[in-house]
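One structure is given below, encoded as structure tokens.
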Amino acid sequence: MEDAHVCGMAAYDKLVAEADADPSGYWSRLARELVSWKTPFTKGLDDSQAPFFQWFADGTLNVSYNCLDRQVERGLGDKTAIIFESDDGTVSRVSYSDMLARTCRLANVLRARGVKKGDRVVIYMSMSVEGVVAMQACARIGATHSVVFGGFSAQSLRDRIEGAGAVMVITADHQLRGGKQLPLKAIVDEAIALGGCDAVADVIVYRRTGGAVAWEPSRDRWMHEEMQAQPPTCEPEWVGAEHPLFILYTSGSTGKPKGVQHASGGYLLHAALTTKWSFDMKPDDVFWCTADIGWVTGHTYIAYGPLALGATQVVFEGVPTYPDAGRFWKMIQDHQVSVFYTAPTAIRSLIKLAEADATVHPKRYDLSSLRILGSVGEPINPAAWAWYHQHIGGGRCPIVDTFWQTESGGHLITPLPGATPLVPGSCTLPFPGITAAIVDEYGNDVPHGQGGILVIKTPWPSMIRTIWGDPERFKSSYFPAELKGCYLAGDGAIRDPLTGYFTITGRIDDVLNVSGHRMGTMEIESALVAKTDLVAEAAVVGRPDDTTGEAICAFVVLKGARPTGEEATRIANELRNWVAAQIGPIAKPKDIRFGDNLPKTRSGKILRRLLRSIANGEAITQDTSTLENPAVLEQLAQKN
Ligand code: WTA
């Protein structure tokens, strides 16, 4: 990889030295190189209101101009921006000119319906070109989008529409996944009927399947009809660099999901820069990120990063196991994908399926177009790493294990493919300019080889700006006083004594990571106790799982007697379906255990560590003498 954008460790070290010497100057140089500004900024970092940091604040730009118009102006109008493969295998290609025209038409629709700069628009769609166009259209007119993953329930959608104060919802009639038609519009109707969404004046509906939907004429409009009536050009709204590009709700350790708010200029810079360096993106590459646009990975590495670079990418509507578990490998072969970015949970489940059925084994496909592989969302265990490296990458493709978060906007710690020597299971070294460190609970550095709390010591351009509507929670969640101004990532980590490489050891708060989906234990507990006719009390913990990384384990005390046998199974299933309806199927507990009570101290505190041991099937080694009710431990050890 002699032609890599960052080639060799000397080049990496040089960038780190440049960033260390003058962080604001380093990021400003890159912001001038990678972003097109309407009005150039005069200052990089403004830390006068720390921890509410600002970057490039007096510059103005438009993110959609940067992703689309700019490519057309550079002569890339006919280049394919998106190769879209639908659930049933139909392929369509959308050029940069097409993307621009579609985005402009939809942006005009939004303006015509009265959406203004700063208004919030909720996007509740499945994987589609239209989903990306909807995000770009919001960016074009300065509306702040909040994408809600299409697997969330009506209740969760309602909470997010209300939380964001959205004036419009963009959705589709249905979605197609694994050959099944699933509703989207009907869930929007249900969410709005739950109340609290009074600000929503319009629901714009993309016709995906043509299946039947209920219609509210005063509110609902077909996307294609509205777009046809609009011209394919639209003057972008030039916004300040700090203008909120999007809010994305994610789980925290306490309370309801929080709306992570990102800015425009700094976010776009890091989206473009990390896409370029972490994936060594070149003009001829075909990039495929398998994430959903409902998560941050789909924002940064589908909707923004690749487009900002003028790259060609695959967008896939379906699931990796339909029509069979060879789908990913077939798509890599068919579209000559050169950079492939997916989650360990997908790899682990595909390993199992490939080993059980030779017809879907990757060796049956020509994967020689691949040159770089990526992993995201959770730690990748060395066995999965080795399989990915050998069977997908043919032993020749570097794997970039990218550690980052919704709050970070883009990669924080990751190998750079032409520079960093790889170690399976380690995300290696910080992206140049990211000051990652490991500290103790008082914010003091711990020596390499000793585990601790992962922090980022100095601000970076794509960092979270605030929690939407809750600046106090932003400060206390991410900049707790003890950590002396460091950003608290929420993960534990350890560095290798010799190489300084980072290994992430997992969340240190009550956030679970199930199949790479982030979920708060409190949210699931709240959902369970909301079943007021049945549940008196509930506690939720995670336990390791071979396929999903972590699995949700719920301990429940019912209002009535503790159920056993078939009744316990029946109630457990009822509760699972209830949680799916409250939050979404991804939040369904794998295990549900019933007890007459939960293990508590005499002062009434639930002993979660003990519950984690029980969930794991471990022998109880902790001192249980302070327990109010030791007898419940045996009950809770029984699975249903
Ligand atoms: C975890 C997803 C280990 C981590 C981009 C983090 C990882 C949380 C990795 C953020 C990785 C993400 N290795 N752990 N490469 N990538 N995580 O906000 O616990 O959905 O804090 O963002 O996922 O999840 P989120």
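Tally the residues that are among the acidic types (Asp, Glu) and within 15 Å of PHE555 (Cα to Cα), restricting the search to the stretch 565-579. Even if it seems obvious, please write down each step before you answer.
If we filter the stretch 565-579 for residues that are among the acidic types (Asp, Glu), which is where we start, we get 566-567, 574.
In the following step, the residues that additionally are within 15 Å of PHE555 (Cα to Cα) were identified as 574.
Residues flagged as among the acidic types (Asp, Glu) and within 15 Å of PHE555 (Cα to Cα) within the stretch 565-579 amount to 1.
Against the conditions (1) within 16 Å of GLY492 (Cα to Cα); (2) more than 9 Å from the ligand (Cβ to nearest atom); (3) at pLDDT below 95, where does PRO382 fall short? Just the number, please.
Condition not satisfied by PRO382: (1).
For the stretch 291-310, give me each residue that is more than 17 Å from ILE372 (Cα to Cα), away from the ligand (no atom under 13 Å from the Cβ) and not in a loop (DSSP other than H, G, I, E, B).
ALA303, TYR304, LEU307, ALA308
Taking the residues in the stretch 523-536 that are open to solvent by 50 Å² or more (accessible area, probe 1.4 Å) and outside any loop (DSSP other than H, G, I, E, B) as candidates, determine which candidate is farthest from the ligand (Cβ to nearest atom). First the steps, then the outcome.
Kept after step one, since they are open to solvent by 50 Å² or more (accessible area, probe 1.4 Å), are these residues of the stretch 523-536: 526, 529, 532-533, 536.
Restricting the remaining residues to those that are outside any loop (DSSP other than H, G, I, E, B) gives 526, 529, 536.
On the way: SER526: 20, VAL529: 25, ALA536: 32 Å.
Ranking the qualifying residues of the stretch 523-536, first place goes to ALA536.
Report every pair of residues separated by at least 6 positions or lying on different chains whose Cβ atoms are under 6 Å apart, first residue within the stretch 272-299 and within 21 Å of ARG93 (Cα to Cα), second in a strand (DSSP E or B) and among the polar types (S, T, N, Q).
Within 6 Å, the pairs are VAL286/THR312; PHE287/GLN313; THR290/THR342.
Give, as residue ranges, the helices (runs of 4 or more DSSP H) completely inside the stretch 553-640 that count at least 2 residues that are touching a Gly at 6+ places or on another chain (Cβ under 9 Å).
Details: elements: 565-582, 608-615, 632-636.
Counting at least 2 such residues, we get 608-615, 632-636.
Out of the strands (runs of 3 or more DSSP E) lying entirely within the stretch 361-453, which hold 3 or more residues that are hydrophobic (A, V, I, L, M, F, W, C)?
Working: elements: 372-376, 399-402, 436-439.
Once the strands (runs of 3 or more DSSP E) in the stretch 361-453 are filtered for at least 3 residues that are hydrophobic (A, V, I, L, M, F, W, C), what remains is 372-376, 436-439.
Anything in the stretch 583-631 that is at pLDDT below 90 and among the small types (Gly, Ala, Ser)? List them, or say none.
SER603, GLY604, GLY617, ALA619, SER625, ALA631
Within the stretch 14-32, how many residues turn out to be touching a residue at least 12 places away in the same chain (Cβ under 8 Å), over 17 Å from ALA241 (Cα atoms) and among the small types (Gly, Ala, Ser)?
Number of matching residues: 1.
Right, LEU412: under 26 Å from TRP295 (Cβ atoms) and open to solvent by 20 Å² or more (accessible area, probe 1.4 Å) or not? Working first, answer last.
On the way: under 26 Å from TRP295 (Cβ atoms): yes; open to solvent by 20 Å² or more (accessible area, probe 1.4 Å): no.
In short, no.
Going by what's in this entry, would GLY520 be described as within 17 Å of ARG593 (Cα to Cα), among the small types (Gly, Ala, Ser) and in contact with a strand residue (DSSP E or B) (Cβ under 6 Å, 6 or more places away or on another chain)? Walk me through how you get there before you give the answer.
Numbers: within 17 Å of ARG593 (Cα to Cα): no; among the small types (Gly, Ala, Ser): yes; in contact with a strand residue (DSSP E or B) (Cβ under 6 Å, 6 or more places away or on another chain): yes.
Against the criterion (within 17 Å of ARG593 (Cα to Cα), among the small types (Gly, Ala, Ser) and in contact with a strand residue (DSSP E or B) (Cβ under 6 Å, 6 or more places away or on another chain)), GLY520 does not qualify.
One line per residue, one yes/no per condition, for (1) modelled with pLDDT of 95 or more; (2) under 21 Å from SER92 (Cβ atoms); (3) more than 14 Å from the chain's Cα centre (by Cα):
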site	(1), (2), (3)
ILE302	yes, yes, no
VAL314	yes, yes, yes
ALA325	yes, no, yes
ASP334	yes, yes, yes
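Which condition breaks for TRP288 when tested against (1) crowded, with 23+ Cβ neighbours inside 10 Å; (2) in a loop (DSSP other than H, G, I, E, B); (3) among the aromatic types (Phe, Trp, Tyr)?
That leaves (2) as the condition not met.
Find the residue count for the stretch 618-637, including only residues that are in contact (Cβ under 8 Å) with a residue 40 or more places away in the chain and either on the phi > 0 side of the Ramachandran plot or over 36 Å from the mean Cα position of the chain (by Cα) (or both). Show your work before the answer.
Step one: filter the stretch 618-637 for residues in contact (Cβ under 8 Å) with a residue 40 or more places away in the chain, giving 635-637.
Adding the requirement that they be either on the phi > 0 side of the Ramachandran plot or over 36 Å from the mean Cα position of the chain (by Cα) (or both) leaves 635.
Total satisfying the criteria: 1.
Could you say which residue among GLU226, GLU216 is part of a loop (DSSP other than H, G, I, E, B) and more than 28 Å from the chain's Cα centre (by Cα)?
Working: GLU226 fails: part of a loop (DSSP other than H, G, I, E, B).
Exactly one of GLU226, GLU216 is part of a loop (DSSP other than H, G, I, E, B) and more than 28 Å from the chain's Cα centre (by Cα), namely GLU216.
With the structure loaded, tell me whether ALA137 is hydrophobic (A, V, I, L, M, F, W, C), touching a residue at least 40 places away in the same chain (Cβ under 8 Å) and crowded, with 24+ Cβ neighbours inside 10 Å or whether it fails that test. Can you show your working first?
On the way: hydrophobic (A, V, I, L, M, F, W, C): yes; touching a residue at least 40 places away in the same chain (Cβ under 8 Å): yes; crowded, with 24+ Cβ neighbours inside 10 Å: yes.
So ALA137 passes the test.
Show the residue pairs meeting these rules: Cβ distance below 7 Å; 6+ apart or different chains; first residue within the stretch 495-507 and over 14 Å from VAL439 (Cα atoms); second residue of a type in the set (A, V, I, L, M, F, W, C) and surrounded by fewer than 17 Cβ atoms within 10 Å (Cβ to Cβ).
Going by the 7 Å Cβ cut-off, the qualifying pairs are TYR501/VAL423.
May I ask you to list the residues in the stretch 479-522 that are surrounded by fewer than 17 Cβ atoms within 10 Å (Cβ to Cβ), within 26 Å of ILE606 (Cβ to Cβ) and away from the ligand (no atom under 12 Å from the Cβ)?
Listed by number, the residues that qualify are PRO480, GLU482.
Among the residues of the stretch 409-436, which ones are out of contact with any Leu (no Cβ under 8 Å at 6 or more places or on another chain) and either free of Cβ contacts under 8 Å to residues at least 60 places away in the same chain or away from the ligand (no atom under 12 Å from the Cβ) (or both)?
LEU416, PRO417, GLY418, ALA419, PRO421, LEU422, VAL423, PRO424, LEU429, THR435
Report whether or not TYR304 is out of contact with any Ser or Thr (no Cβ under 6 Å at 6 or more places or on another chain) and buried (at least 23 other Cβ atoms within 10 Å of the Cβ). Outline the logic, then answer.
Working: out of contact with any Ser or Thr (no Cβ under 6 Å at 6 or more places or on another chain): yes; buried (at least 23 other Cβ atoms within 10 Å of the Cβ): yes.
So TYR304 passes the test.
What do you reckon, is VAL400 within 12 Å of the ligand (Cβ to nearest atom) and β-branched (Val, Ile, Thr)? Steps first, answer last, please.
Values: within 12 Å of the ligand (Cβ to nearest atom): yes; β-branched (Val, Ile, Thr): yes.
So VAL400 fits the description; yes.
Given the conditions (1) within 16 Å of the ligand (Cβ to nearest atom); (2) open to solvent by 10 Å² or more (accessible area, probe 1.4 Å); (3) farther than 21 Å from THR547 by Cβ; (4) not acidic (Asp, Glu), which single one is not true for PHE474?
Evaluating PHE474 over (1) within 16 Å of the ligand (Cβ to nearest atom); (2) open to solvent by 10 Å² or more (accessible area, probe 1.4 Å); (3) farther than 21 Å from THR547 by Cβ; (4) not acidic (Asp, Glu) leaves (2) as the failure.
Has the stretch 105-115 got any residue that is touching a Ser or Thr at 6+ places or on another chain (Cβ under 6 Å) and within 17 Å of ILE247 (Cβ to Cβ)? Before you say what the answer is, go through the steps one by one.
Pass one, the stretch 105-115, residues touching a Ser or Thr at 6+ places or on another chain (Cβ under 6 Å): none.
There is no residue in the stretch 105-115 that is touching a Ser or Thr at 6+ places or on another chain (Cβ under 6 Å) and within 17 Å of ILE247 (Cβ to Cβ).
The values are calculated or read from the model by the stated rules, or taken from the named source; none is laboratory data. Just so it is clear, the structure is predicted and the values come from calculations on it, not from any experiment. Cβ coordinates were reconstructed from backbone atoms using ideal geometry, including for glycine residues, and neighbour counts include every protein chain displayed. To get the accessible areas, we keep the full protein, side chains included, count just its heavy atoms, and leave off ligands, DNA and RNA. Shrake-Rupley method; radii C 1.70, N 1.55, O 1.52, S 1.80 Å.
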